Structures are given as structure tokens and as C-alpha cells.
1. Does T338 count as at pLDDT below 95, of a type in the set (S, T, N, Q) and assigned to a loop (DSSP other than H, G, I, E, B)?
2. Quick check on my filter: what residues within region 121-145 are surrounded by 21 or more Cβ atoms within 10 Å (Cβ to Cβ), touching a strand residue (DSSP E or B) at 6+ places or on another chain (Cβ under 9 Å) and over 16 Å from D166 (Cβ atoms)?
3. Under 7 Å between Cβ atoms, at least 6 apart or on separate chains: pull out the pairs that start in region 131-149 with a residue that is under 16 Å from V327 (Cα atoms) and modelled with pLDDT under 90 and end on any residue that is in a helix (DSSP H, G or I) and of a type in the set (A, V, I, L, M).
4. Quickly run through region 88-109 and pick out the residues that are part of a helix (DSSP H, G or I), of a type outside the set (S, T, Y) and surrounded by fewer than 24 Cβ atoms within 10 Å (Cβ to Cβ).
5. Quick check on region 9-20. Is at least one of its residues under 30 Å from V190 (Cβ atoms), at pLDDT 95 or above and part of a loop (DSSP other than H, G, I, E, B)?
6. Among the residues in region 352-359, are any part of a helix (DSSP H, G or I), farther than 18 Å from L51 by Cβ and more than 18 Å from the chain's Cα centre (by Cα)?
7. Looking at (1) surrounded by fewer than 19 Cβ atoms within 10 Å (Cβ to Cβ); (2) under 23 Å from the mean Cα position of the chain (by Cα); (3) under 21 Å from G256 (Cβ atoms), which is the one condition that is false for G164?
8. Output yes when any residue across region 282-297 is crowded, with 18+ Cβ neighbours inside 10 Å, among the basic types (K, R) and more than 30 Å from R196 (Cα to Cα), and no when none is.
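The values are calculated or read from the model by the stated rules, or taken from the named source; none is laboratory data. Quantities reported herein were computed from a predicted structural model and do not represent experimental measurements. With ideal geometry, Cβ positions are generated from the backbone for all residues, glycine too; neighbour counts draw on all protein chains shown.
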Amino acid sequence: MTETVVTTQNPRSAKAAPASAADTPTAPAPPEKRTGGRLRALDGLRLVAALMVALYHYGGRDGFVSQAWGTSPKEQFPTLHTPFAYGCLGVEIFFVISGFVICMSGWGRPLRSFFASRVSRLMPAYWAAVVLVTVVFALPAVVYETVSPSDALVNLTLLQEPLGVDRVLGVDWTLWAEIRFYALFALLVVLPGVSRRRVLLFCACWTMGAAIAQGARQPLLDIVLMPQYAPFFIGGIGLYLVHRDRKDALAWGVVGVNFLIGQHYAVSDLWNATDPNAFAHRTSFGIIAVVAFGFLAVAAIALGWLDWANWRWLTVAGALTYPFYLVHEHLGWVVIRTLHHGLHLPSSVTFTGTITGMLLLAWLLHRFVEDPLTPRLRKALNQIR
């Protein structure tokens, strides 16, 4: 059996389908300012979001994963396939977290330091994942077809999505959304100097601009302003302002408005009750509830309500999230086929074993790729003049 795993299809169909001194002084912080130390509960929420996406990829959709199981996941998990179908919303939760973390990461940093931190955080594990998936899919024993050598090389730039090149990693469309957000925030907030007023102005202008882009239906505006995903990034930024000052009424307004807009896009994209051929029927209430969970969970962290969740293992969980997210989909299908068909293990054992195996692989990538390469790359980029 041979199939092309990576296409330039609609990203939602491929989705679950994820922080020195400032250049200029920032405005004085209000008395209630809270910046705190590491927010370990946020690390835990990252892993929850990644596992949600994995549930979707392994048991919440049809398509290539059906080839791995041999039948539709609906037959493998007759009761759980519908809850698993909501797992794709883990990406929206990632975007809320990203808005929070990027605002926190950019506060008080010069542009060069912000750029170095983002590139060094994203690229080492990403490069390793692209190479690993390309090599594994090229093995004769693996039944999935890899992309062409030329397309694999383009994938190393992380620009394959706008260039229309076949993707090695199905989830990397979300990274294209992330880097567009980083670029907007860097140019409009970090470069002139982060302050509460500038962040609020950025949020207000992006919210309005994204709405205009949706109404105008112009491809260039869609690419730059990302109306479908902007509410989640902006909501996360607003929640970081809440973290700094929980009495910031304007920040709460940013969060509330973008939750309302974000749930609209999520329901419009995923509600399928009228489709008789749908793999699983998500309800509008269920979609809204999952989006609300993402906003409320980050809000609870921002307000300090989860400061008690300060276990060290959550830091490890957060470190594993990104490499796990990168490799779990396509390599997970290979493991599912090996365990379910090769070793004839039950579906539940295969499912659990695959997630465990991908977490172990994520630890190896973190330990032997990210740990040594991230600080070196960050140091090299910070030395660029």
C-alpha cells in the first residue's frame, strides 16, 4: 500500500490541524504588576493541548490514519471517536498560549534577542523532525510515500506553506501561522519598544484589521492578518496583560471580544451536524465549551489561581510538548500500523503505546537535539551585528 501523506490541502483538514534589556524603556508598571517566575501550569496546559491534537490524529478523523489502523477509527473506537474529534481544537488552545508567551517573551527585550529566542526555540527540533520523518518514510519497510528531495529541502526553511510545496510534517501549517504572528508582534511591538499602551493598540488594530480582512476576502490580507486565528493569539496577549495587572479593564475587554470572535470561527469551521457523511458530529455547544476551556485555563494561570501546580515534572512536560507535537502524527501512524498489524495488539494498547512511544521520542529529541543546539544557536544569533 502506497500513499502520499503530505499534501497542500486545507490546513484544517490536516490538523488535529503546537520565550535583556529593552531597546527603549517601557512604561511604568501599575502597582498590581505580576510577572512571577516560571508558570509551570502553563507547561502542563501545553502538554494537554498536544495530547488533544494526538487524540484527534489517532482516533478522531478518517483519512491516512485509517490506513494505519486498517479500518476507520470510528470502528476502532465506536464510543470515543466523537470526543477525540474535538481534539483538533488543541491548536486553538496552543495559539492562546502562544499569545501569552510571546508577549511575555518580548517584554523588555531588544528585537535581536527576541528574534534569536524564537528561531532557536523553533528550528532545531523542527529540522530534526523533518529529517527524521523524511528518512523513515523513505524506508522500504514503511508503506507511506515521502515527499520529493527538492520539497524536503524547501521544508527546512519553514516556508513550504506559502510556496505551495508538499509538507513533510502535517502539523507544520500551524508553525506558519505562528511565525506570521511573531513577525507582526516583532515589527509592531518589540521593535518600537514594548509598553502596555503599545500592546493594547496592537491588539485593537489587529482585531479590527482581521475583521476587515475577513470582509474584504483579499488573499494578501488573509495571509498577513490571519482572521481565523488572530482572535486566539490576541486573546492570549490580553491574558498576559491580565497577568501583569488583573484589574486591567481594557485587557479584559481584549480577552472577551476575541473569545467571542474566536468561538465564532471555531464553530463555523468545525460544526458539521448537517453533514450526513461526517466522521463525527461535533456540536456547536461542544466546540464553544472547548474554546472556553482554553481561554479559562490560561486565565486561571494568568490570575495565579494555579500557582499551586508548581511540580518540576510539569517543566519536563512543557519541554516535551513541541517535539512531541512535531513528530507524533506521521511517525505515530507508522507505530500504530506496526503495533496493531505487525504485533496484533488491541486498539487500546496500540493507542496508549503509540502515545508513550512518541513521548519517548520527544524526550530524545529534547535531550539530544534541543538541549545542545538551542543555546548555541541563540548565542550565535545574538552575536549578529
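1. Taking the combined requirement at face value, the residue does not satisfy it.
2. Across region 121-145, there are no qualifying residues.
3. V142/V136; V142/V334; T146/A138
4. If we filter region 88-109 for residues that are part of a helix (DSSP H, G or I), which is where we start, we get 88-106.
Within this subset, residues satisfying the condition of being of a type outside the set (S, T, Y) are 88-97, 99-104, 106.
Passing the criteria: V101, M104.
5. No, because not a single residue in region 9-20 is under 30 Å from V190 (Cβ atoms), at pLDDT 95 or above and part of a loop (DSSP other than H, G, I, E, B).
6. Let us first name the residues in region 352-359 that are part of a helix (DSSP H, G or I), namely 352-359.
When the remaining residues are screened for being farther than 18 Å from L51 by Cβ, the result is none.
No, region 352-359 contains no residue that is part of a helix (DSSP H, G or I), farther than 18 Å from L51 by Cβ and more than 18 Å from the chain's Cα centre (by Cα).
7. Result: G164 passes all but (3).
8. Looking through region 282-297, at least one residue is crowded, with 18+ Cβ neighbours inside 10 Å, among the basic types (K, R) and more than 30 Å from R196 (Cα to Cα).
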